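The values are calculated or read from the model by the stated rules, or taken from the named source; none is laboratory data. Model, not experiment: these values are computed from the prediction. Cβ placement follows ideal geometry from the backbone for every residue including glycine, while neighbour counts extend to all protein chains displayed. Note: areas computed on protein heavy atoms with side chains; ligands, DNA, RNA excluded. Shrake-Rupley method; radii C 1.70, N 1.55, O 1.52, S 1.80 Å.
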Amino acid sequence: MPATSPQKNSRDGRTEEQRKIDEWLPITSSRNAKWWYSAFHNVTAMVGAGVLGLPYAMAELGWGPGVAVMFISWVITLYTLWQMVEMHEMVPGKRFDRYHELGQHVFGKKLGLYIVVPQQLVVEVGLDIVYMVTGGKSFQKIHDLVCTPGNCVEIKLTYYIMIFASVHFVLSHLPNFNAISGVSLIAAIMSLSYCTIAWVASLDKGVQPDVDYGYRAKNTGEAIFNFFSGLGEVAFAYAGHNVVLEIQATIPSTPEKPSKGPMWKGVVVAYTVVALCYFPVALIGYYTFGNSVSDNILISLNKPTWIIVLANAFVVIHIIGSYQLYAIPVFDMVETYLVKKRRFKPTWYLRFATRNLYVAFTMIVGIIFPFFGGLLGFFGGFAFAPTTYFLPCIMWLSIYKPKKWGLSWTTNWICIILGVLLTVLAPIGGLRTIIIQAKDYEFFS
């Protein structure tokens, strides 16, 4: 009988070196989270920059289509999120801790990587870039509101983005999801707080005398492009799927008590909070300002000053947590590649270098392209729609093979068709918005 390697672990087949690497990597290093971690992590991941742009999206979509797109998106994404939670442990004894691992199981080792990783990176890096812009604009709004007229020194948006980024040069060195649980909890509370302030302040402001609910476009072609962009902005608001498997990976699991139970419990709580944030902000914000609403509702609100300052401060705190939540899977990908493929040693200085470079990259891109509304529409359609609206459905059909024309089969194909249409149409409007806004923009201004 051949001797067993002394380094081999009898429980899961990993060597001691592999175990140490997994314990160092961000996603697999800690598995003691509770169900409420799932709740506030998902709120932090979902409710972010997107919610502030929903009144603007309503202005581009119009009352009827806007409400329909909002509601349908909420239902579809809750359904596909349930699918992701279920598929996390669909193979007995194995956990798909990362989105691309599930993709590899469904599509094959190489094809799964090619399908999932580029889209997931676009979503996560794209979100962090938008959060840089949002954080900088919120800082700028606070300064403009509290500054005494006549004594204000005009400061470029570039410097506000740099101030926001400086926080992440510190927080990015927290090792994993559980290490940022406190930051994420505070961020989730802040999201509900500033959303409440946004719609209550809009309600208090009252419908504007010159409010107009018609399309702001000057012609039919422009209205169509704006409509496409609005679709992307709504899609952007539902981006939590890209980190859901990674969040679930932090919850302990046994055959008797799989992680999907507490994970789903947290998701239901999170989606209830999402509805309480999204629908009042979108509907009341649009009702108050009509098609003149800004692409960030808080920019349209100037009074009462102290309330709007507080709301913008809450936004900054919240997106600090959101940035970290989407950065950790990116850190995990980069560190996994460097340690497992390139054979770098898992050291603190490797982590220090890679994470600082990432923060610097998102900061610089945010400074160069601070086009908030266009970024929402472009990223929302280009990558968020596939990973959120229809990729989980394709995986579900491939794995479970439900009966043709049955309820499950039909539901999934409806989601796939709507998601593909969103993926094709939304980036067109978002890219056009970026081009128009870029005409009068000077780099690093």
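So what does the Cα-only Debye profile of region 65-115 read at q = 0.27 Å⁻¹, as log10 I(q)/I(0), no solvent term? Log10 of I(q)/I(0), two decimals: -0.95. For the chain, the longest principal axis of the C-alpha atoms and the axis of helix 157-171 are separated by about 30°. Per-atom-type breakdown for the chain gives carbon and sulfur 68% of the accessible area (1.4 Å probe, protein chains only). A straight Cα-to-Cα reach below 18 Å connects Lys401 with the aspartates and glutamates Glu86, Glu89, residues fewer than 8 places away in its own chain not being considered.
Within the chain, the longest segment free of exposed loop sites, counting chymotrypsin sites (Phe, Trp or Tyr not before Pro) that fall outside DSSP classes H, G, I, E and B and have at most 15 other Cβ atoms within 10 Å, spans 1-212. Note on the chain: dipole from Cβ charges, positive end direction compared against Val75, Val315, Leu350; the farthest Cα belongs to Leu350.
Could you tell me what % of all Cα pairs in region 36-101 have separations over 13 Å? List each step's numbers first, then the result.
On the way: 1600 of 2145 pairs.
The share of Cα pairs beyond 13 Å in region 36-101 comes to 75 percent.
Largest GNM mean-square fluctuation across Pro280, Pro392, Pro149, computed for the chain with C-alpha springs under 10 Å, falls on Pro149.
Based only on Cα atoms, what mean projected area does the convex hull of region 277-414 have, in nm²? Mind showing how you got there, number by number?
Working: hull surface 53.5 nm².
Over every viewing direction, the Cα hull of region 277-414 projects on average to 13.4 nm².
Diffusion of region 70-214 by Stokes-Einstein, at 37 °C in a medium of 0.692 mPa s and with Rh set to the Kirkwood radius over alpha-carbon pairs, works out to 166 µm²/s. GNM on the chain, alpha-carbon springs under 10 angstrom: the most fluctuating residue among Leu54, Leu185, Leu111 is Leu111.
On a per residue basis, the chain carries 43 Å² of accessible surface, using protein heavy atoms and a 1.4 Å probe. For region 124-203, list log₁₀ I(q)/I(0) at each q in 0.15, 0.20, 0.22 Å⁻¹, using the Debye formula over Cα point scatterers of equal strength and ignoring solvent, two decimals each. For region 124-203, the Cα-only Debye profile gives -0.73, -1.12, -1.21. With N counted as the residues of region 211-358, its alpha-carbon radius of gyration over 2.2 N^0.38 Å works out to 1.44.
Taking amide H as placed 1.01 Å from N in the peptide plane, the amide H of Thr15 sits under 5 Å from that of Asn9, each at least 5 places away or on another chain. Taken over the chain, the ratio of Cα radius of gyration to 2.2 N^0.38 Å equals 0.99.
The string of couplings for region 187-199 from the Karplus curve (6.51, -1.76, 1.60, θ = phi - 60°) is 4, 5, 5, 4, 5, 5, 5, 6, 5, 4, 4, 4, 7 Hz, one whole number per residue in order, with x for Gly and Pro. Can you give the alpha-carbon Rg of region 170-251 over 2.2 N^0.38 Å, where N counts its residues? Taking the Cα Rg and dividing by 2.2 N^0.38 Å, one obtains 1.65.
Summed over qualifying helices (DSSP H, 4 residues or more, each -39500 (n - 2.57)) and divided by its residue number, the chain shows a 222 nm mean residue ellipticity of -23000 deg cm²/dmol. For region 22-143, the Kirkwood hydrodynamic radius from C-alpha pairs, put into Stokes-Einstein at 20 °C and a viscosity of 1.002 mPa s, yields a diffusion coefficient of 122 µm² per second.
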